[in-house]
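Novice: There's a structure below that I have some questions on.
The values are calculated or read from the model by the stated rules, or taken from the named source; none is laboratory data. If you're wondering where the values come from, they're calculated on a predicted model, not measured in any experiment. Using ideal geometry, Cβ is built from the backbone for each residue, glycine included, and neighbour counts are taken over all protein chains shown. These area figures cover heavy atoms from the full protein model, side chains too; ligands, DNA and RNA do not enter into them. Shrake-Rupley method; radii C 1.70, N 1.55, O 1.52, S 1.80 Å.
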Amino acid sequence: FKEFSDTMPKFLKDLDEVRAPLKDGKADEAVAVFDRIDKGSVETIKQTLLKLMDQAVAAAQTQMDINDATFVSTKRMLIGLIVLSMVLCIGMGLFLSKTIVVPLKNGLSMMKDLTRGHLRTRLHLVRKDEVGELAGAMDMFAEDLQTNVIGSMEKISRGDLSVEVAAK
């Protein structure tokens, strides 16, 4: 680009020579001046500007390639995160099913057994959360039903009326 910087003063001088008659409204004289001047400086400036444009286009293409690669990488990462999220959601669903739904189904089954007269069914679920408390209460209810209520009914059926019934 040394040639550009060396040629620029001559180009500007030639340009001023063409502009001077134009300022005075003498277009024909400006054309004659333009035809007389050495076109080498114009061509040098033109070629240099074309080279600069080519470099700018190449730089833009390089940046576009980098942006495309970044886009593809980001897209793959997002797809991976979506798949990971889906796997985690499925895992969480299975975990919740095992820790909440299955014990509740077992409790429902126990209550159905109690309504059919099967009083020995127990859950024996040892947990320190609400599901564990519910299971413990159901086991105590079944135990109380089996020992107190049924035991009292058996005494009455044998003729022993000394059974005392008290509210808890």
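Novice: Restricting to region 32-46, and then to whatever is among the acidic types (Asp, Glu) and assigned to a helix (DSSP H, G or I), can you tell me which residue is surrounded by the fewest Cβ atoms within 10 Å (Cβ to Cβ)?
Specialist: Step by step, filter region 32-46, then rank; the result is 35.
Novice: Could you please find all residues in region 1-31 being open to solvent by 70 Å² or more (accessible area, probe 1.4 Å) and farther than 29 Å from residue 53 by Cα?
Specialist: Within region 1-31, 22, 23, 24, 26, 28, 29 qualify.
Novice: Residue 117 versus (1) under 28 Å from residue 150 (Cβ atoms); (2) modelled with pLDDT under 90; (3) open to solvent by 80 Å² or more (accessible area, probe 1.4 Å): which is the lone unmet condition?
Specialist: Single failed check for residue 117: (3).
Novice: Residue 91: surrounded by 10 or more Cβ atoms within 10 Å (Cβ to Cβ) and under 30 Å from residue 123 (Cα atoms), yes or no?
Specialist: Taking the combined requirement at face value, the residue satisfies it.
Novice: With the requirement that a residue be within 30 Å of residue 150 (Cβ to Cβ) and of a type outside the set (Lys, Arg), what does region 86-114 give you?
Specialist: Hits for region 86-114 are 102, 103, 104, 106, 107, 108, 109, 110, 111, 113, 114.
Novice: Here is a follow-up. Only one residue in 97, 85, 152 is under 45 Å from the mean Cα position of the chain (by Cα), open to solvent by less than 90 Å² (accessible area, probe 1.4 Å) and either at pLDDT below 90 or on the phi > 0 side of the Ramachandran plot (or both). Which one?
Specialist: On inspection, the qualifying residue turns out to be 97.
Novice: Which of the numbered conditions does residue 125 fail, given that it passes all the others? Conditions: (1) among the aliphatic types (A, V, I, L, M); (2) open to solvent by 90 Å² or more (accessible area, probe 1.4 Å); (3) not in a helix (DSSP H, G or I).
Specialist: Result: residue 125 fails condition (2) only.
Novice: Right, here's the next one. For region 49-79, what are the residues that are of a type in the set (A, V, I, L, M) and either within 20 Å of residue 2 (Cβ to Cβ) or open to solvent by 70 Å² or more (accessible area, probe 1.4 Å) (or both)?
Specialist: Hits for region 49-79 are 49, 50, 52, 53, 56, 57, 64, 66, 77, 78, 79.
Novice: Just to be sure, is residue 142 farther than 30 Å from residue 15 by Cα, touching a helix residue (DSSP H, G or I) at 6+ places or on another chain (Cβ under 7 Å) and not hydroxyl-bearing (Ser, Thr, Tyr)?
Specialist: yes
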